[in-house]
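Below you will find the structure I want to go over with you.
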Amino acid sequence: MNLLAIETSCDETSAAVVTEGRVRANVVSSQIKLHADYGGVVPELATREHLRNLMPVTQAALQVAGMTIERLDAIAATQGPGLPSALMVGFKVAQAVAFSAGKIFLGVHHHEAHLYSPWIGGEPPSADFAVFKPCVALIVSGGHTMLVHVKAELEHRLLGSTVDDAAGECFDKIAKLIGLPYPGGPELDRLAREGNPRAFHFPRPMINENNDNFSFSGLKTSVRYFLRDHPALLNDRQGICDLCASAQAAIVDVLVTKTMRAARRLRVGCVTASGGVTCNHSLREQLASACRKEGCVLRLAAPGFCTDNAAMIGILAERKLEAGAAPTPFDAEVKPGWPLP
Ligand code: KG4
Ligand code: ZN
């Protein structure tokens, strides 16, 4: 099957071409710089930028893959969840192209696609479903933090999610308190490499609670109070690095502890992680070390597939269509608040 996939749920415009589980092209245009001055994604600007970039990005993906619309079997797009007007750009364009070219159309759940991005690997990147194992999947990004039990391919159950801020949001808000540019997560990660994670102690919210939910807003608040009481720390580079390392340690500790506890309880023997925060070096190291100790298989999304991308939409769409999923009607609407099916 030749499939074109489109993703515009937040601030990345992406198009991919997938053939038989192989990612032939995955073009991503990020809007990070556009939103930096505002300290967060501005929906109106994101939508305009998707409108501007979607056609060039799609043309580039088709060109890289040596593919034409005529040779496609199906077109897929993210249907939700995400920013309503941003979703509409990719979803409605994909629907219109599929309708006019007489192709099958499939709307895809963004988080369901994240569940399968850790299984994309190798060169050229391909879905490695031959080694798929039932797993506990951590999805951790700027908008979401959730644990999912993936019982089999295309069969999953949401275990828990954040009750307030997402982990990426917590990274970004703490980085902002320190004065780092948006999005602060990657910069905080860089500074944390030079810091002592035990220099300061921050709370690990909900770490001992007997459920799979998360909460990160209290941690951000405790960093705010800490800085109010120790303002001079921001004048000292080592102090900033120690603060970054200590705050990062608290976030990573909660994510790893709760993920591993769920994996043990469900006896899955495999853990996966995807979403932008999966780029964090400490999270990758701590998950690797915990999985080694427990004899668990670990599949981390490759850095290029951690953040939002159309390849994961295409990989899932192809798998679903092969499994007999019904096409999405041409008059279907986007689902901005779509819960994980
Ligand atoms: O998945 P993503 O690109 O977008 C969505 O939120 O959907 O994730 C972006 C988030 C941002 O909050 C960003 O700061 C965070 O992922 N992030 C990181 C790192 N790289 C990206 N957080 C911590 N350490 C990193 N290395
Ligand atoms: Zn995402």
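Read the figures in this text as sums done on the coordinates, not as results from a lab. Model, not experiment: these values are computed from the prediction. Glycine also receives a Cβ, built like all others from the backbone with ideal geometry; neighbour counts cover every protein chain displayed.
Based on the mean of other Cβ atoms within 10 Å per residue, sort peptides 225-231, 75-81 so the most packed one is first.
75-81, 225-231
Over the alpha carbons of region 132-301, what is the largest minus smallest coordinate on each principal axis, giving the biggest first in Å?
51, 28, 27
Right, next: Using the 10 angstrom Cβ neighbour count as an exposure proxy, how do K173, K293, K133 rank, fewest first?
Going from least to most buried by this count: K293, K133, K173.
While we're on this one: Evaluate the charge dipole of region 78-153 about its Cα centre and quote only its size in Debye, nearest 20, assuming +1 on the Cβ of each Lys and Arg and -1 on the Cβ of each Asp and Glu.
200 debye
Along the charge dipole of region 132-301, pointing to its positive end and built from +1/-1 on Cβ of Lys, Arg, Asp and Glu, which listed residue (A262, T145, L180) has its Cα farthest out?
A262
While we're on this one: K335: which aspartates and glutamates have alpha carbons under 16 Å from its alpha carbon, excluding same-chain residues fewer than 8 sequence positions away?
E7, E112
If you don't mind, another one. Mind ranking 138-145, 203-210 by how tightly packed they are, going by the mean number of other C-beta atoms within 10 angstrom, highest first?
Ranking the peptides 138-145, 203-210 by packing returns 138-145, 203-210.
Another question about this same structure. Indicate the gyration tensor shape class of the chain (rounded, prolate or oblate), computed on the Cα atoms with a ≥ b ≥ c the square roots of the eigenvalues: a/c under 1.5 is rounded; otherwise a/b larger than b/c is prolate and the rest oblate.
Prolate is the answer for the chain, as a/c is 1.5 or above and a/b outweighs b/c.
Here's another thing I want to ask about it. Measuring from centroid to centroid over Cα atoms, what is the spacing of region 315-341 and region 199-277 in Å?
The two parts, judged by their Cα centres, are 34 Å apart.
Take the cross-link list K220/K258; K293/K320; K33/K173; K133/K176; K151/K293; K33/K220 and give me the ones stretching past 28 Å between alpha-carbons.
Table pairs above 28 Å Cα-Cα are K293/K320; K133/K176.
Could you tell me whether region 60-148 comes out rounded, prolate or oblate from its Cα gyration tensor? Rule is a ≥ b ≥ c as square roots of the eigenvalues, rounded for a/c under 1.5, then prolate if a/b exceeds b/c, otherwise oblate. Present the calculation step by step, with values, prior to reporting the outcome.
Numbers: a/c = 2.27, a/b = 1.31, b/c = 1.73.
It is oblate, given that a/c is not under 1.5 and a/b is not larger than b/c.
For region 175-214, which trypsin sites (Lys or Arg not before Pro) are both in a DSSP coil and crowded by at most 12 other Cβ atoms within 10 Å? All intermediate terms of the calculation are to be shown ahead of the outcome.
Numbers: sites: K176, R190, R193, R198; in loops: R193, R198.
Sparse-neighbourhood loop trypsin sites (Lys or Arg not before Pro): R193, R198.
Which value results when the Cα radius of gyration for region 143-234 is divided by 2.2 N^0.38 Å?
1.27
Taking the chain as the reference, fit the longest principal axis to its C-alpha atoms, fit the long axis of helix 281-294 to the helix C-alpha atoms, and give the angle between the two in degrees, 0 to 90, nearest 10.
With both axes taken from Cα atoms, the answer is about 90 degrees.
Relative to the longest principal axis of the chain, what angle (0 to 90°, nearest 10) does the C-alpha long axis of helix 217-229 take?
Rounded to the nearest ten degrees, it is 40.
Per the chain: cysteines with no other Cys C-beta under 4.7 angstrom?
So far as the 4.7 Å Cβ criterion goes, C10, C170, C241, C244, C279, C306 stand without a partner in the chain.
Continuing with the same structure: Sorted from fewest to most neighbouring beta carbons within 10 Å, what does the list L188, L115 look like?
L115, L188
Which listed residue (L54, F226, G275) has the Cα farthest towards the positive end of the charge dipole for the chain, taking +1 on Lys and Arg C-beta and -1 on Asp and Glu C-beta about the Cα centre?
Value computed over the given set: F226.
For the chain, with the dipole built from +1 on Lys and Arg beta-carbon atoms and -1 on Asp and Glu ones, taken about the Cα centre, which of G107, A76, C306 lies farthest toward the positive end?
Checked the options; the winner is C306.
For the chain, with only Lys/Arg (+1) and Asp/Glu (-1) charged at the beta-carbon, what is the dipole magnitude about the Cα centre, in debye rounded to 20?
Approximately 700 debye in magnitude.
Then there's this: Could you line up V150, V64, V271 from fewest to most neighbouring Cβ atoms inside 10 Å?
V64, V150, V271
Expressed as an acute angle from 0 to 90° and rounded to the nearest 10, what is the orientation of the C-alpha long axis of helix 43-65 relative to the principal long axis of the chain?
Result, in degrees: 60.
Okay, next question. Quick one: putting +1 on the C-beta of Lys and Arg, -1 on the C-beta of Asp and Glu, what dipole do you get for region 132-301 around its Cα centre, in Debye to the nearest 20?
About 500 debye.
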